[in-house]
Amino acid sequence: MLKKLLLTLLLLTSAAFGDKITIFAASDLKFALDSVKSDFIKTHPNAVINMIYGSSGKGRVQIERGAPYDLYFSANMDYVEYLYKKGKISTKPKLYAIGRLVIWSKNRHFDAKKGFENFTEPWVEHITIANPAHAPYGQKAKQALVSKGIYKQIKPKIVFGENISQTANYISIKAADIGIIALSLVVSPEIANTKYHSYYLINDTLHQPLRQGYAITKYGQNSKLAHQFYDFFQTKRVQKIMKKYGFVVNK
């Protein structure tokens, strides 16, 4: 009798408060995905969606070790495919966008038109990129710097960010003079609406494509809400939001 009562209360609580999911997403998605979430909640008012942002590589490791994430949004499609092959992903990995890199600084000497030339200017003492060991944006930033033939020259000045958000923050608090961050962050209101909105868009032929993918994890395979959010992310409404934040979609 007691067990039936507890089960009834559990079902009533679930109906009243809605489903709950946790999403791990690459840091470059912070503003775009928060906007997508807000749009999704309009038609799913009882849904509870917890967002965890970090480096894609660390998210991959956590999911492989059984972290309770329902969906995984990676800045590197390879990480999603890796987890799929390992049996940690329940849906086939899906490409959702191509990311872009920019050079950004808050230093008064920064000249966006000079592009990579800024890195070797006298005013530059500290340069930041995301850690190439586990952050896709860091990997591509390093590739671009190598392509331009200046990586070895500026390497002693480089300070690695744990993820692309931390990298942007280093520049924001002036712990670094200049750096390479995600276009999606520099076009967000936090930067775009300030006097420091100038940036240099890096030619995407200088690095491998930032193919970004997502999927429902094995942990979230039975979650109705996870599948609803997964499907919603493929709509034209979401593609419009992604384009607003500088992502290349339908490619």
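The values are calculated or read from the model by the stated rules, or taken from the named source; none is laboratory data. Being a predicted model, the structure only gives us computed values, none of them experimental. Please note: Cβ atoms are built from the backbone with ideal geometry, for glycine as well, and neighbour counts cover all protein chains shown. Surface accessibility is based on the protein's heavy atoms, side chains included, excluding ligands, DNA and RNA. Shrake-Rupley method; radii C 1.70, N 1.55, O 1.52, S 1.80 Å.
Brief remarks on what is shown
- Gap separating the Cα centres of the range 140-171 and the range 179-202, nearest whole Å: 16
- Reference-scaled alpha-carbon Rg (2.2 N^0.38 Å with N residues) for the range 118-230: 1.25
- Remark: the Cα gyration tensor places the range 109-178 in the oblate category, a/c being 1.5 or greater and a/b not exceeding b/c.
- Packing-based order for 70-80, 119-129, 94-104, using average beta carbon neighbours within 10 Å, highest first: 70-80, 94-104, 119-129
- Gain on full extension, evaluated as 0.36 nm per residue between Leu206 and Asp39 minus their Cα-Cα distance, stands at 56.6 nm.
- Taking only Cα atoms of the range 79-151, radius of gyration then Dmax in Å: 16.9, 51
- Computed over neighbours whose Cβ is under 15 Å from that of Gly66, the net charge equals +4, Lys and Arg +1, Asp and Glu -1.
- Solvent-accessible area per residue in the chain equals 51 Å², computed with a 1.4 angstrom probe and all protein chains kept.
- Relative contact order computed over the range 119-228 (Cα-Cα under 8 Å; 6+ residues apart), in percent: 28
- Each helix, a run of at least 4 DSSP H residues, gives -39500 (n - 2.57); summed and divided by the residues of the chain, these come to -11000 deg cm²/dmol at 222 nm.
- For the chain, average projected area of the Cα convex hull in nm²: 15.1
- For the chain, the carbon plus sulfur part of the accessible surface works out to 52%, probe radius 1.4 Å.
- Kyte-Doolittle mean at least 0.0, axial Cα span of 18 Å or more - DSSP H helices of the chain: 2-17
- Relative contact order, percent, the range 23-138 [alpha-carbon distance under 8 Å, six or more residues apart]: 26
- Counted residue by residue at 0.36 nm each, then reduced by the alpha carbon distance between them, the extension gain from Thr120 to Asn46 reaches 21.4 nm.
- Using a cutoff of 8 angstrom between alpha carbon atoms and counting only pairs six or more residues apart, the relative contact order for the chain works out to 29 percent.
- Arg211 - accessible surface, heavy atoms, 1.4 Å probe, Å² rounded to 10: 90
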